[in-house]
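Following: one structure in structure tokens, then a few remarks.
The values are calculated or read from the model by the stated rules, or taken from the named source; none is laboratory data. Note that the structure is predicted; figures quoted are calculated from it, not measured. So basically every Cβ, Gly included, is an ideal-geometry build from the backbone, and we count neighbours across all protein chains shown. For accessibility, only protein heavy atoms count, side chains too; no ligands or nucleic acids. Shrake-Rupley method; radii C 1.70, N 1.55, O 1.52, S 1.80 Å.
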Amino acid sequence: MSGYSLFRIALSTKCNATTLLCRSNVVNRQQTYGYAKKVGAKGKGKGIVKEELKGPEVCKDPVRLASYAVGVNILKEGEDPKLKPPEEYPEWLFQLNLEKPKDLHDMETDTWEYWKRLRKENIWRFNRLHKGKKF
């Protein structure tokens, strides 16, 4: 591009105004044909402190915790559902195992749960070994 602009300036040496015009066009052309201008961050000043994200409020009222299913409502509007008496819920709900799952060495080897757990632990081990390694 610089050779082209020098050629135009050399041809237009007849008039001083034409030379200035050509030089200004070359400068304008370099600005428009160059890389895009870097855009500064909008609305972010050096003195502005960024607000931290706050999580949901934790309910500590024992009466509300005993009578409502707090945190179950996923809608923006609305309230948490009220808890029903235990007789209205199915029997299997109270028989769910909420404890820590059994260890692999405590299970019998001829059960489906044993092999499923073995496969899961092997996947976890493989992921731990290959964590951070690039392909």
Discussion item. I'd like the projected area of region 63-132, averaged over all directions, using the convex hull of its alpha carbons. Report it in nm² with one decimal.
Written reply: 9.3 nm²
Discussion item. Under 5 Å between amide hydrogens, which residues at least 5 positions from Tyr68 or on another chain qualify, with H placed 1.01 Å from N in the peptide plane?
Written reply: Leu83
Worksheet item: What figure in square angstrom, to the nearest 10, would you give for the accessible area of His105 with a 1.4 Å probe?
Response: 150 Å²
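What order do Ile123, Ile74 take when sorted by accessible area (1.4 Å probe), most exposed first? Show your work: numbers first, answer last.
Values: Ile123 75, Ile74 155 Å².
From most accessible down to least: Ile74, Ile123.
Taking 35 Å as R0, compute the FRET efficiency from the Cβ-Cβ separation of Glu99 and Ser67 and round it to 0.05. If you can, show how the numbers build up before the last one.
On the way: r = 26 Å, r/R0 = 0.76.
The computed FRET efficiency comes out at 0.85.
Rounded to the nearest 20 debye, what is the charge dipole size of region 64-135 about its Cα centre when +1 sits on each Lys and Arg Cβ and -1 on each Asp and Glu Cβ?
Details: 15 positive and 13 negative charges, 183 e Å.
The dipole of region 64-135 has a size of about 880 debye.
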